[in-house]
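S.K.: I am attaching a structure below and will ask some questions about it afterwards.
The values are calculated or read from the model by the stated rules, or taken from the named source; none is laboratory data. Every value quoted in this text rests on a predicted model; they were computed, and no experiment measured them. Glycine gets a Cβ as well: all are built from the backbone with ideal geometry, and neighbour counts include every protein chain shown. Protein only, heavy atoms only, side chains kept; ligands, DNA and RNA dropped before computing areas. Shrake-Rupley method; radii C 1.70, N 1.55, O 1.52, S 1.80 Å.
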Amino acid sequence: MNRFPAEFEDLLTAAGRRVLAGRSPLCGALAEPRRRFLAERGLVSERLARAAVRLLDRTLYDLLEPLDQPIPPETIWEMTRNYGEQLPKTARTKTAYLQHRRERSYRHAQEIGLVAMLQSESFAAFAAALAGRALRRRWGIQLLCYGPGDYAGPHNDHHPEEPAARRGYLDLHVSLSGRGVAQQWLVYAVQGHFSRIVDVATAGGITAYRLPLWHYTTPLVARDGAPAQTARRWVLLGTFLYRRPPVFTAVHGVAGGDSKA
């Protein structure tokens, strides 16, 4: 693979195309009031996902920006009450913001067709099929890359200061893991507890979130002896606003769904 296809649809398996056609049990899954998350394999071709990993390794890895948000030391040393811990969002990964047109990473992502694919009609249609509701015509796109030890700490992706997002929105992730990745897990909350865990160290796995939702991503673990360049998990990310804001429901009072990656 030297370029991404112009349409996301061209990465899909027969099962993935059934989602686009509205003929899959997954259609509308995230419209169910008590379901905020799903993770599925088999919708994106594993062969094409592996080829996409190699393409991203060759063309974009050296252009990524580090995203490093460590635990602030004052979360310990400025505590004044026992059991009064408060943890802000922490993370370590690399990223390319694919809407910053002046960045070198954007230009290279455009040259290999990644920007066009993530802005394609079929990418938005796939997200809308899982959401079970109409989405706005413009959406955000981003690229993430996790290496050994990289993670995202507990967070909920709630944006109460943004009118268009404060009542919820949809994130769609496509995982593209190299063969040197041994494991990485996503843990999410159901009924107020971090009680569900799914494998995201996949080649072509899909995860979709009806946000806000408490979740975190565990540190990536490489296979013993694996070359460093093969122990990466790339994530293609789309963020979609609803055309009509949904009725707000308390996050702690809903279930999260039981689909496994």
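S.K.: Considering amide H positions built from the backbone, and no H for Pro or chain starts, which residues 5 or more places from L67, or on another chain, come under 5 Å of its amide H?
M.R.: T93, K94, T95
S.K.: Would you kindly derive the ³J(HN,Hα) couplings of region 230-241 from the backbone phi angles with the Karplus curve 6.51 cos²θ - 1.76 cosθ + 1.60 (θ = phi - 60°), listing them in order in whole Hz, with x for Gly and Pro?
M.R.: So the J values, rounded to whole Hz, are 9, 9, 10, 10, 8, 10, 8, 10, x, 10, 10, 8.
S.K.: Can you list, largest first and rounded to whole Å, the semi-axes you get for region 111-177 by taking the square root of 5 times each eigenvalue of its Cα gyration tensor? Mind showing how you got there, number by number?
M.R.: Working: eigenvalues 93, 82, 25 Å².
Over the Cα atoms of region 111-177, the ellipsoid semi-axes are 22, 20, 11 Å.
S.K.: Turning to a different aspect of this structure: Take the alpha carbon atoms of region 143-157, find their center, do the same for region 36-93, and report the distance between the two centers in whole angstrom.
M.R.: 1 Å
S.K.: Calculate what fraction, in whole %, of the accessible area of the chain sits on carbon and sulfur atoms when a 1.4 Å probe is rolled over the protein chains.
M.R.: Carbon plus sulfur share of accessible area: 50 percent.
S.K.: Name the long-range amide H neighbours of V44: under 5 Å, sequence gap of 5 or more, or other chain; modelled H, no Pro or chain starts.
M.R.: Residues meeting the criterion, in which the H sits 1.01 Å from N, are T13.
S.K.: Can you run phi through the Karplus equation (6.51, -1.76, 1.60; θ = phi - 60°) for region 58-65 and list ³J(HN,Hα) in whole Hz, with x for Gly and Pro?
M.R.: 6, 10, 10, 4, 6, 9, 6, 9
S.K.: Would you please classify the overall shape of region 121-218 from the alpha carbon gyration tensor, given that a ≥ b ≥ c denote the square roots of the eigenvalues, rounded means a/c under 1.5, and beyond that prolate means a/b larger than b/c while oblate covers the rest? Please report the intermediate quantities before stating the final value.
M.R.: Working: a/c = 1.90, a/b = 1.29, b/c = 1.47.
It is oblate, given that a/c is not under 1.5 and a/b is not larger than b/c.
S.K.: For region 1-32, list residues with backbone N below 12 Å from a point placed 7 Å from the Cα of R58 toward its Cβ?
M.R.: Those under the cut-off are 1-4.
S.K.: Over region 174-232, what is the relative contact order in percent, taking alpha-carbon pairs closer than 8 angstrom and at least six residues apart?
M.R.: 49 percent
S.K.: Most fluctuating residue of T218, T202, T80 in a GNM of the chain with Cα springs under 10 Å: which is it?
M.R.: Residue with maximal mean-square fluctuation among T218, T202, T80: T80.
S.K.: Give me the accessible area per residue for the chain, probe 1.4 Å, as a whole number in Å².
M.R.: Averaged over the residues of the chain, the accessible area is 51 Å².
S.K.: Can you give me the long-range amide H partners of A201? Hydrogens built in the peptide plane at 1.01 Å from N, cutoff under 5 Å, separation of 5 or more residues or another chain.
M.R.: Excluding prolines and chain starts, which carry no amide H, the hits are Q184.
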